[in-house]
1. Rounded to the nearest 5, what % of DSSP beta bridges with both residues in the chain are antiparallel?
2. Whole-Å semi-axes of the range 57-112's equivalent ellipsoid, largest first, each the root of 5 times a Cα gyration tensor eigenvalue?
3. Sort 380, 269, 222 so that the residue with the fewest other Cβ atoms within 10 Å of its own Cβ comes first and the one with the most comes last.
4. Obtain the radius of gyration and the Kirkwood radius of the range 281-524 from its C-alpha atoms and give Rg over Rh.
5. Which whole-number percent is the relative contact order of the range 383-436 (Cα, under 8 Å, 6+ apart)?
6. Using Cβ counts within 10 Å as a stand-in for footprinting exposure, how do 314, 81 rank, fewest first?
7. At 0.36 nm per residue, minus the direct Cα-Cα distance, what do residue 469 and residue 26 gain on full extension? Give it in nm, one decimal, please.
8. If you take the alpha carbon radius of gyration of the range 95-146 and divide it by 2.2 N^0.38 Å, what ratio comes out, to two decimals?
Ligand SMILES: Nc1nc2c(ncn2[C@@H]2O[C@H](COP(=O)(O)O[C@H]3[C@@H](O)[C@H](n4cnc5c(=O)[nH]c(N)nc54)O[C@@H]3COP(=O)(O)O)[C@@H](O)[C@H]2O)c(=O)[nH]1
């Protein structure tokens, strides 16, 4: 359920992240089109006005050449020169001579021009040329007339069709949707593109969306160009396609990344952290039995991970990671609080019972654990002298000096400290002597050798002797058989725990055991005390004792 929700969340985040490059590319495309649109419109207008200036300039040269050749009337020689100049200049369609009163005297064909002026005249910047728009007869199409005043008061005129100056400047205009107009300063149209269009700039001034305008500084003309979005969209398509491909690739890579993350599941640390927050780490209690008198003398707290779905994990599945990442620190804190709440009443009534809590090397790095123990148990009815803290010999302690100080402080409170897994690590005698242990717990590894001829069998005897010589109590771990129990009793081992008595029990079962052993009396002794049955305390309520019933599956550890 949790995993499905997590995958759903990763999927949604992944979808958002994967969509980001595509959305980004799309927005970038829109931005690009906006800037491109204006730039293209400006560029076309600039290009169009320069071209118009060139064509007009060349026609001015044509008129000046005619003036220099002395053309000022309509003689055959002058008409011939006018004709030649029209043939030599592709833009000029007509050259004419105008009288001082403005009437056309003749044109290069020998006729009187039928071209009608369509606007008032406007002078070029240097004042040498006068420009006006005209309308061609028959087609009514617009054009530009240039007039060069002669000394006689007459003028030489050249007429350029508007479409020659204004159309087909950019291929874009041919594809439709784009409009351009070359106008005289009074707004009258000289020519428009595409060919045949008569739109004035005013007609498309408020139309969408990209308009560029360029004015000439030689002649009183300007060019306005308008490009619709669709055309710019079309123009910029290749760039967008590449960007889109890049965006799609990035999206696919991100989506694959998220899919991998979702498949891999959350990290072990995150799962443990979440488990701590939800209080899923719970204590089980393995009874510890005084094997000389057959009494319950306490328990060792062994952690279990009980998830919301009811599954229970043993410490082997998570404790090493929790210790390596330091998560075992908050885990132990939560565990101690739960133990306090669960056992407080029972332990207040049975002050002889001890409570062993496993610590690990990080706990001995500073005095925080001492503070935590004081905070958690200080105001509870579990007394400090009921607490035993186990230090494992499996992992070496980083700083023996610091560890010694922590142990001393715990002992100052009244708690005892036990060396767990004794004989399995590197500490050995040094740990026992330097750390000032109170209890030695012999590992199951050695207890298993009892009754065998394994070479490590004598270790049990050595450990027991060493601990007793140093004045320490001995607890045997992992006792499973009666012969092991008898062996340990004969060597004066004080206490033992193991499946022979009970596995680690859930709180309710352990409390039942505490209650039952209290009610029935904890010692099953013969009058002389010699034939004492160490299992008697666990045979309450019939043939099968409480602890053994629990160990046979009613309350699994
Ligand atoms: N830092 C912490 N470490 C912890 C804590 N709780 C447990 N542990 C450590 O995890 C290791 C495995 O513990 P667990 O699976 O609970 O096994 C313990 C007993 O159930 C098991 N046991 C006891 N008697 C018998 C037996 O007769 N037969 C048999 N096959 N197994 C038995 O042994 C484990 C007891 O280990 P120990 O601590 O050495 O007494 C283990 O190393 C735990 O220390 C925790 O809260 N913090």
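Rule-based calculations on the coordinates, nothing more; no lab input. Keep in mind the model is a prediction, meaning the values are calculated, not measured. With ideal geometry, Cβ positions are generated from the backbone for all residues, glycine too; neighbour counts draw on all protein chains shown.
1. Numbers: 59 of 82 bridges.
Percent antiparallel among DSSP bridges in the chain is about 70.
2. On the way: eigenvalues 54, 28, 25 Å².
For the range 57-112, the semi-axes come out at 16, 12, 11 Å.
3. Working: 380 17, 269 14, 222 21.
Ascending number of Cβ neighbours within 10 Å: 269, 380, 222.
4. Details: Rg = 17.3 Å, Rh = 18.3 Å.
Using only Cα positions, Rg/Rh for the range 281-524 is 0.94.
5. Details: 65 pairs, mean separation 26.9, N = 54.
Relative contact order, the range 383-436: 50 percent.
6. Numbers: 314 14, 81 17.
Going from least to most buried by this count: 314, 81.
7. Details: separation 443, 0.36 × 443 = 159.48 nm, distance 8.21 nm.
151.3 nm is the gain from fully extending residue 469 to residue 26.
8. Values: Rg = 11.5 Å, N = 52, 2.2 N^0.38 = 9.9 Å.
That works out to 1.17 for the range 95-146.
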